[in-house]
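These notes are about the structure you will find just below.
The values are calculated or read from the model by the stated rules, or taken from the named source; none is laboratory data. Just so it is clear, the model here is predicted, and its values are computed rather than measured. Here the Cβ positions follow ideal geometry from the backbone for every residue, glycine too, while neighbour counts run over all protein chains shown. Ligands, DNA and RNA are excluded from the accessible area calculation, which covers all protein heavy atoms including side chains. Shrake-Rupley method; radii C 1.70, N 1.55, O 1.52, S 1.80 Å.
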Amino acid sequence: MQSRVVHRRCQGITEQGSVCPLTSASGAKAAASLRNGLPYCSPHLHQGLLFFDGAGDSEEEDEELESDDELFPDLGDFPKTPCFEGGEYGLAGAVWPEKLTLPPEYTLPAWALDRSPCQDTSLARFFRSFVAFIVHAESKAVVGYIEGQLVRRADDLVGLADDHSSEMYWMVETLFDYDDIKLRPELKQNSIWGDALDHGTFVAIEQLELEPSHRGKGALRHLSAPMRAMCREWGAASAISEVAFVCPDRTVTTPRAHQDSDSEGAMRPQRVNEKLRDSYASMGFRRVG
């Protein structure tokens, strides 16, 4: 009886934004790192550095590191030039432990001055917090932000997501099979996704805010190309967001918790959901399932 051989597939992303096709079964020189047990082929090893934490190869070596400051050094303030990709709005993002700052010619509102990624260091090998400023090209002003997690696919991702937060757990558990962390077969039925969400690191968007004066102007539509560029920079194969229902009092809830309208005629949660859905669709997002 022969055991099944499972070949390691590169988790990197090509310049075109697609998942790298190389596996450890390839005899190519670029696949040598895969054959040696690493999750990236040689051309994409730099993408894995986002999750490099400086830890040793054994518990004894880890114990020699005296503090989180040594394990996760402060990378300081390195200004991020926004990526506009020819649009009126762009993005400038940083993944923890980087701090998000912009060149001096850009205007930051008071709320943006201290907004940088914050991190549970115990989960840093699999989840990295990020913050991305939404920047208006003409005024060179920060007009919103996106926050979330850069998620590294792992065998126990569902359990790790549970350790991270209830929101991350439900997203991961809903989308992926527990055993192989691939998109659930029932979600692939009659969908456009195929195996596109089965491999690689992904971006999980947790919050998106835009200043009221820039809403209704198609700002998010201009973020489609910058979002793709940011994902490529971070080696992410895809970006995922759960569209929540928002009550008039700004409480975020699930669809099952609400009726379609209230007695005072306030905006229905269903309508808010539709607006959120349409906003994400304008950025290039498509429904899963």
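Could you state how much accessible area residue 81 has, in square angstrom rounded to the nearest 10, with a 1.4 Å probe and all protein chains kept in place?
Using a 1.4 Å probe on the heavy atoms, I get roughly 100 Å².
With every protein chain left in place, what is the accessible area of residue 217 in Å² (1.4 Å probe, nearest 10)?
Looks like 120 Å² after rounding.
Ignoring ligands and nucleic acids, what accessible area does residue 152 show with a 1.4 Å probe (Å², nearest 10)?
About 70 Å², rounded to the nearest 10.
Which of the peptides 160-171, 25-36 is most tightly packed, and how do the rest follow, judged by the mean count of other Cβ atoms within 10 Å per residue?
Peptide ranking by packing, descending: 160-171, 25-36.
Could you check how much of the accessible area of segment 125-164 is carbon and sulfur, as a whole percent, using a 1.4 Å probe?
39 percent
Sorting check: for 183-196, 226-239, which peptide has the highest mean count of neighbouring beta carbons within 10 Å, and how do the rest follow?
226-239, 183-196
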